[in-house]
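This report concerns only the one structure given below.
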Amino acid sequence: MRGRSNERGIALPLAIFALVVVGGLVAGAMFVGTQENRIGRNTIRVQQAFTSAEGVTQEVVANWNSGAYNNMKVGGSVQFSGTAPDGQGWYRTSIQRLSQMLFMVRSDGFSRDSASRQRVGALLRLRPLQINIQAALETQGQAKIGGSSFINGADTPPSQWSDCGDKAPTLAGIRITDSTDVSFSGCKSGNCVYGDPRIEQDTTINDSTLTTFGDLTFDSLETLATKWFVPSGTLKIQPVVVGGSCATGVSTNWGDPLNPGAACGGYFPIIWLEGSANINGIQGQGILIVNGNLDVQGGFEFYGPVMVRGTINTQGTGGHFNGGVIAANVNLDQSVVLGDAVVNFSTCALTKALVSSAQATTMRERSWVNLY
């Protein structure tokens, strides 16, 4: 009978083999764990960078600075940087004006340790208020025109503004529900009103047509106002400059239409006056909304659309309104013969006020892209 095979020394190779297998498993586990840890850290960095870029882009849209951005020239741009609100990263952002109505926002977001970078872009479009001015003066109630008052339906660019385009066709001087509600005192209709026609009777005018602007009602305009206050006493409206910058926080600072190159020349606020107001000088521009009556004295001048829920009364001299006026009732009585036009239709004043005060919104389609 044969003897058994010599198996001496096999335990050592088996032990070494087992150690190698176990070591490989341990090394593999450590490698996988290390990679997963790196992937996790990198994912966090990427997310920090993306959140920084996306967050500031949304913040630009939500807090659109119409005074700074809407007055940029086409092709112009502004850049700024800062820390993300959550402190987990930082950003560099540029806003470029592509056309009169379009803007491109590009934001580079970085992780907190700057190891990761993400860029997003958003295409924005200005959304001006849809105010359809169809005459120099629109009203559904009575209109009393007196003295040297003048309602001018011819497109009249402000003389101090050099960037106005072509003139629009002449509109009606007065558009009213019933033309017999227009009365004259101290002047004849031919001398007080100019337009094509001078007085347009439109029986469809009612509360709704005068207080609805696109998909917005009169009351909803209050939420869009950039300047809101309750008038008290006689208001003196004038530009205010502090340290070379326009003091937009002053309630009675409504821009500087007579000096378009000045610090407040590009400031066009949306003004909501809660209650009746009495104004006696000097000048303003933008969109004026009065939830009450408006009494204008002296040489006050306003450039842009004016919407008054109550009655407009004017006295004194000066081209009070340049753009267009919508009001429930109107009483224009200038006692001074030397007075200038009370209401001038002006597409330039309307367009600049509406565009310069407009808020930006993302395009409905293809408005956002993750660039890298």
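Things worth noting here:
- Segment 135-356, relative contact order in percent, only Cα pairs under 8 angstrom and at least six apart counted: 24 percent
- Estimated dipole of segment 1-110 in Debye, rounded to 20 [Cβ of Lys and Arg +1, of Asp and Glu -1, Cα centre]: 480 debye
- Hz values of 3J(HN,Hα) by residue in segment 51-62 - Karplus curve (6.51, -1.76, 1.60), Gly and Pro given as x: 4, 5, 5, 5, x, 5, 5, 5, 5, 4, 5, 5
- Rounded to 5, the percent of DSSP beta bridges in the chain classed as antiparallel: 40 percent
- Correct option for Rg/Rh (Cα atoms, Kirkwood Rh) [calculated from the coordinates] among (1) 1.21; (2) 1.36; (3) 1.01: (2)
- Computed E for Val242/Asp219 - FRET, C-beta separation, R0 51 angstrom, nearest 0.05: 0.95
- Value of [θ]222 nm, deg cm²/dmol, for the chain, DSSP H segments ≥ 4, -39500 (n - 2.57) each, nearest 500: -6500 deg cm²/dmol
- Relative contact order for the chain, counting Cα pairs under 8 Å that sit 6 or more residues apart, in percent: 17 percent
- Legend: calculated FRET efficiency, Val21 to Arg41, from the Cβ-Cβ distance at R0 = 35 Å, rounded to 0.05, equals 0.70.
- Charge-dipole axis of the chain as Lys and Arg at +1 and Asp and Glu at -1 on Cβ define it, positive-most pick from Gly82, Ile151, Leu137: Gly82
- One chain, two ends: Met363 and Met30. Fully extended at 0.36 nm per residue, the span grows by 115.0 nm beyond their Cα-Cα distance.
- Between the residues Gln238, Leu216, Leu273, the greatest Cα displacement towards the positive end of the dipole of segment 135-356, with unit charges on the Cβ of Lys, Arg, Asp and Glu, is found for Gln238.
- GNM on the chain, alpha-carbon springs under 10 angstrom: the most fluctuating residue among Val32, Val120, Val355 is Val32.
- Nearest 10 degrees, 0 to 90: helix 347-356 Cα axis against the chain principal axis: 30 degrees
- In segment 135-356, the DSSP beta bridges split such that about 5 percent are antiparallel, to the nearest 5.
- Dipole magnitude of the chain about its Cα centre (Cβ charges: Lys, Arg +1; Asp, Glu -1), debye to nearest 20: 2320 debye
- Applying a threshold of 28 Å to the alpha-carbon distances of Lys167/Lys227; Lys227/Lys352; Lys144/Lys236 flags Lys167/Lys227 as lying beyond it.
- Judged by the mean number of other Cβ atoms found within 10 Å, the most tightly packed of the peptides 291-298, 239-246 leads the ranking 291-298, 239-246.
- Of all DSSP beta bridges confined to segment 220-307, the antiparallel ones make up roughly 10%.
- Full-extension gain in nm, Glu274 to Ser77, via 0.36 nm per residue minus C-alpha separation: 67.3 nm
- Scalar couplings 3J(HN,Hα) for segment 236-245, obtained by applying the Karplus form with A = 6.51, B = -1.76, C = 1.60 to θ = phi - 60°, are 10, 8, 7, x, 10, 10, 10, x, x, 10 Hz; x denotes Gly and Pro.
- Residue (of Val61, Gly249, Phe302) at the positive-pole extreme of the chain, dipole from beta-carbon charges: Val61
- With Cα atoms as the point set, the radius of gyration and Dmax of segment 135-356 evaluate to 16.3, 53 Å.
- Under-5 Å amide H pairs with Glu301, H placed in peptide plane, nonlocal only: Gln283, Gly284
All of the numbers you see were taken from the coordinates with simple rules; none came from a lab. Keep in mind it's a predicted model, so treat the numbers as computed, not measured. Here the Cβ is made from the backbone with ideal geometry for all residues, glycine too, and neighbour counts use every protein chain on show.
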